[in-house]
Amino acid sequence: MRDFIEPLFVNIAIVFAFTHLLNMIYPFQTNQKLSLKNKILYGLLSGIAALACMVYPIETLKNTFFDLRNVPILIVSLYAGWIPGAICTVMVIITRLAMGGGVAWLGVVLAMVAVITALAYRNFFTERKRKRWKPAIFIAVVYSLFYTMFIYTYLDDLSLQFYLVYFSSFIIAFFSCIFLIERLFSINMQLKETAYLDKLSVAGQMAAAIAHEVRNPLTTVRGLIQFLGKDTKDEKLKEFSPLLLDELDRTNKIITDYLTMVRPADSELECLNINEVLRDVKSLIAPFGSMHDVEINLEDVGHFPLMADPQQLKQCLINLIKNGIEAIEGEGIIHIYKYASDKNVFTFIIEDNGKGMTDEELEQIGLPFYTTKSKGTGLGTMITYRLIQEMGGKLKYESQPDIGTRVLITLPVAIQE
């Protein structure tokens, strides 16, 4: 028994160590798009992890070698795709053939079965953003059945004790690794949000220091320009005074937005029907959409009672839909529809078919004074982020250039007494 357990626990430790190493080199992020360079890196490191497992096999099984090399193959294929999975599998196959033995071909087959199983059910696994345990259990069961069938058929000297210990270790390593990666996803997201809140704090300190000092003289200057522009005979002043007033109003709006960001009104959360809120927002923003030849398509999202501030939520949704309309060049459409729901949260999507954003632009969304619009300030998006967070919700962007942008809004469901 000890001869079985010791090397398997070493294998589990190796898998965990390389998972942490991958996260240190390239932190796991939800919905991150891996470049070819990163996929190759993932494949090589997971392959090294598998080879390290092969260094510590169960040594009492004559010319056969049992270890947890196939766990890295399954994990990297599920999370990163076929390129890293293929790299890891090839490394394992070459090493196993070099080790030799009468059943080396069986190790090759089992490695190929691992990568094929993971890739076959990868979409089933990745589309479950919140509940990946069910597809993980299914994948583990399918692969374990294939594994058991092969070794039972071609190896007749394995005891029941071996099967119990080996497959228990395999299941522990597989699910523990998935749990670890999901936790790292969550921790990295929290660190990212913390960094964003720090940037908000810096922007707030700047706003508090300059807002009132700048606003008062601006009001005086605006009044004087408006007064002089009425009765003056200076043609240049008459021509340019409207432009000056517009620019002063724009400056004043930036200051107002900053003050809203720094000292937003306290959220008055109440139970509201999201369907009714979305219908009201559509009625308010539809004229603006018509001016830009953009249709707003609202699907019935169901009568979900949410906890939110109705006025602040409407302000956020109008900002998001307005951004989508302005991102569309020519005719277009905005889709609003339900994405997911459970007893705790409800998620719906605002999707446009505009110019979209690159990965670099997505990283900057919500930062002070970052905008993709020629006359924008980025403060509207910043305020929207903050208000949604204060209501206990989350905001997430997904976008592709020349295809469009999806904004996922998640809000807490009201607890029914």
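The values are calculated or read from the model by the stated rules, or taken from the named source; none is laboratory data. Nothing here was measured: the structure is a model prediction, and the numbers come from that model. A quick note on method: Cβ atoms are made from the backbone with ideal geometry, for glycine too, and the neighbour counts reach across all protein chains shown. Just the protein is used for accessible areas: all its heavy atoms, side chains included, with ligands, DNA and RNA removed. Shrake-Rupley method; radii C 1.70, N 1.55, O 1.52, S 1.80 Å.
At 1.4 Å probe size, with the rest of the protein present, what percent of the exposed accessible area of the range 1-194 is carbon and sulfur atoms?
Here it works out to 68 percent.
Distance distribution note for the range 270-412: the fraction of Cα pairs above 23 angstrom is 30%. When the C-alpha to C-alpha distance is required to be over 22 Å, the pairs from LYS253/LYS394; LYS131/LYS338; LYS39/LYS131; LYS131/LYS282; LYS355/LYS394 that qualify are LYS253/LYS394; LYS39/LYS131; LYS131/LYS282; LYS355/LYS394. Beta-bridge orientation, the chain: approximately 85 percent antiparallel, per DSSP, counting only bridges with both partners inside.
For LYS238, the aspartates and glutamates whose Cα comes closer than 16 Å to its Cα, not counting residues fewer than 8 places off in the same chain, are ASP246, GLU247. Over all Cα atoms in the range 1-194, the spread is summed up by Rg and Dmax: 16.3, 56 Å. Counting only Cβ charges, +1 for Lys and Arg and -1 for Asp and Glu, the dipole size of the chain around its Cα centre is about 700 debye. Heavy-atom accessible surface of the chain, averaged per residue, reaches 53 Å², computed with a 1.4 Å probe. Please report, to two decimal places, log10 I(q)/I(0) for the range 50-109 at q = 0.14, 0.21, 0.22, 0.25 Å⁻¹ as given by the Debye formula with identical point scatterers on the Cα atoms and no solvent. Relative scattering, expressed as log10 I(q)/I(0), comes to -0.37, -0.78, -0.84, -1.03.
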